[in-house]
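The values are calculated or read from the model by the stated rules, or taken from the named source; none is laboratory data. The structure displayed is predicted, hence computed values, not measured ones. Accessible surface is based on the protein model in full, side chains and every heavy atom, while ligands, DNA and RNA are left aside. Shrake-Rupley method; radii C 1.70, N 1.55, O 1.52, S 1.80 Å.
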Amino acid sequence: MTRPGTSTARAGPVFLRFGRDHMQPLLQAIGNPRRDAADVREREAARARQEEYRAQLRRAAK
């Protein structure tokens, strides 16, 4: 049991943004351009690592 005025649950979806068909938590609705850019860089780096790994496999299979 929790004390009155407190909750152990996290906030659920609260905003329906224009152009979206689903509710989003506040932090996702606001967005974070620096994190978005960092996520893009990480995906690009992961893709490059995957390509290098596949190239190594092709060389080893020869």
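Can you work out the accessible area per residue across segment 14-58, with the rest of the protein chains kept in place, probe 1.4 Å, in square angstrom? If you can, show how the numbers build up before the last one.
Working: 4180 Å² over 45 residues.
Accessible surface, normalised per residue, equals 93 Å².
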If the chain between N32 and R20 were fully extended at 0.36 nm per residue, the gain over the current Cα-Cα distance would be 2.6 nm
